[in-house]
1. Condition first: out of contact with any Phe, Trp or Tyr (no Cβ under 6 Å at 6 or more places or on another chain), touching a residue at least 60 places away in the same chain (Cβ under 8 Å) and not polar (S, T, N, Q). Now tell me which residues in region 134-147 satisfy that.
2. Are there any helices (runs of 4 or more DSSP H) wholly within region 29-142 with 1 or more residues that are among the hydrophobic types (A, V, I, L, M, F, W, C), at pLDDT below 95 and surrounded by fewer than 20 Cβ atoms within 10 Å (Cβ to Cβ), and if so which?
3. Somewhere in region 56-67, is a residue among the aromatic types (Phe, Trp, Tyr) and in contact (Cβ under 8 Å) with a residue 40 or more places away in the chain?
4. One residue is enough: does region 94-107 have a residue meeting the conditions of a type outside the set (S, T, N, Q) and at positive phi?
5. What number of residues within region 94-116 satisfy the criterion of being charged (D, E, K, R) and out of contact with any Phe, Trp or Tyr (no Cβ under 8 Å at 6 or more places or on another chain)?
6. Can you confirm whether Ala157 is within 25 Å of Ala189 (Cα to Cα), in contact (Cβ under 8 Å) with a residue 24 or more places away in the chain and out of contact with any Gly (no Cβ under 8 Å at 6 or more places or on another chain)?
7. With the structure loaded, tell me whether Ile14 is β-branched (Val, Ile, Thr), at pLDDT 50 or above and either surrounded by 12 or more Cβ atoms within 10 Å (Cβ to Cβ) or out of contact with any strand residue (DSSP E or B) (no Cβ under 7 Å at 6 or more places or on another chain) (or both) or whether it fails that test.
Amino acid sequence: MLKNLLSRALSNVITNAGMKAVQKTVLGGGKEKTISFTALPATLEEFKALPEAALTDEFAVAALSLLALTQFEADHERCFAMLDFLKGPDPLSGMQKQFLAERFMDGSFYKVNSFFEGATPANGYTPSQPYKVRVSSNPYSYQNEGWATLYLHSGGADSPRPVILRKKPSTGTWHLVEIQYLSDVRVPAAADKWR
């Protein structure tokens, strides 16, 4: 009986390992890129001048969405102009602008910085420089042709957070559709009342 149990357990392990290999092969597995920026652009012109602003790499467009959000605290309209550039033919709606404003109403602007490498709750989400954004895909990121759901990694969250992009076939450029990565992250250590 013990021999049969061990045999079945070993068979399950082999089957699960095999299935993971098949999923990775058939579904394409995941990909990860780290996009690096020497500085945060302070104007729309500086933003558009970045090499990543060619919008031909969906991973870079995902990272640029974060760069645009760094401007929100200082100047909402500058942030919105940068996001409109990324959105291409479909600019931000009034509802989307309101959604972004609501994400930061409680003063939790540190959420944005949490997505830069080196930013953790312990250091108050102070990013390392140059500014680096880790973006990844998974086997389900490209389920619909011309669409991508990519993921940004935060030093204050246990799992990566999504951003949705769409490709414009006539230009071959990728555009921002929806930012879904601004839900809560762990509070900075200095602000943690349970610390």
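The values are calculated or read from the model by the stated rules, or taken from the named source; none is laboratory data. Only a predicted model underlies this, so the values are computations on that prediction, with no experimental measurement involved. Please note: Cβ atoms are built from the backbone with ideal geometry, for glycine as well, and neighbour counts cover all protein chains shown.
1. Arg134, Pro139, Tyr140, Tyr142
2. Helices (runs of 4 or more DSSP H) meeting the threshold: 94-103.
3. yes
4. yes
5. Residues flagged as charged (D, E, K, R) and out of contact with any Phe, Trp or Tyr (no Cβ under 8 Å at 6 or more places or on another chain) within region 94-116 amount to 3.
6. So Ala157 passes the test.
7. Against the criterion (β-branched (Val, Ile, Thr), at pLDDT 50 or above and either surrounded by 12 or more Cβ atoms within 10 Å (Cβ to Cβ) or out of contact with any strand residue (DSSP E or B) (no Cβ under 7 Å at 6 or more places or on another chain) (or both)), Ile14 does not qualify.
One line per residue, one yes/no per condition, for (1) under 12 Å from the mean Cα position of the chain (by Cα); (2) of a type in the set (Phe, Trp, Tyr):
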| site | (1), (2) |
| --- | --- |
| Phe99 | no, yes |
| Thr120 | no, no |
| Asn123 | no, no |
| Gly146 | no, no |
| Tyr151 | yes, yes |
